[in-house]
Amino acid sequence: MNTTTQTPDEAPSPASEPKRGINWFRFWMQMLLAMLAFNIIAGLVTWYFIFPRLHPGQ
């Protein structure tokens with residue numbers, strides 16, 4: 001009778017798989033787009049909602 005059993009040392013583990021590195025170019029491009037979008041929205045909110053309340057006499 002030929003039975004094979006895997007011991008915990010022989011079992012494939014997710015940690016033994018090669019890790020893929022982060023795509024830094026894609027990461028920085030996404031951060032740049034997020035920053036631009038945030039700054040545009042923040043600028044519009046500041047210009048149209050905050051600045052008029054600072055000068056109510058006009």
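The values are calculated or read from the model by the stated rules, or taken from the named source; none is laboratory data. Keep in mind the model is a prediction, meaning the values are calculated, not measured. Ideal geometry is used to build each Cβ from the backbone, glycine not excepted, and the neighbour counts take in all protein chains shown. Surface accessibility is based on the protein's heavy atoms, side chains included, excluding ligands, DNA and RNA. Shrake-Rupley method; radii C 1.70, N 1.55, O 1.52, S 1.80 Å.
Brief remarks follow.
- Condition check for residue 49: open to solvent by 100 Å² or more (accessible area, probe 1.4 Å) and either at pLDDT 95 or above or touching a helix residue (DSSP H, G or I) at 6+ places or on another chain (Cβ under 7 Å) (or both): no
- Against the criterion of being open to solvent by 90 Å² or more (accessible area, probe 1.4 Å), at pLDDT below 65 and of a type in the set (Asp, Glu), residue 10 qualifies.
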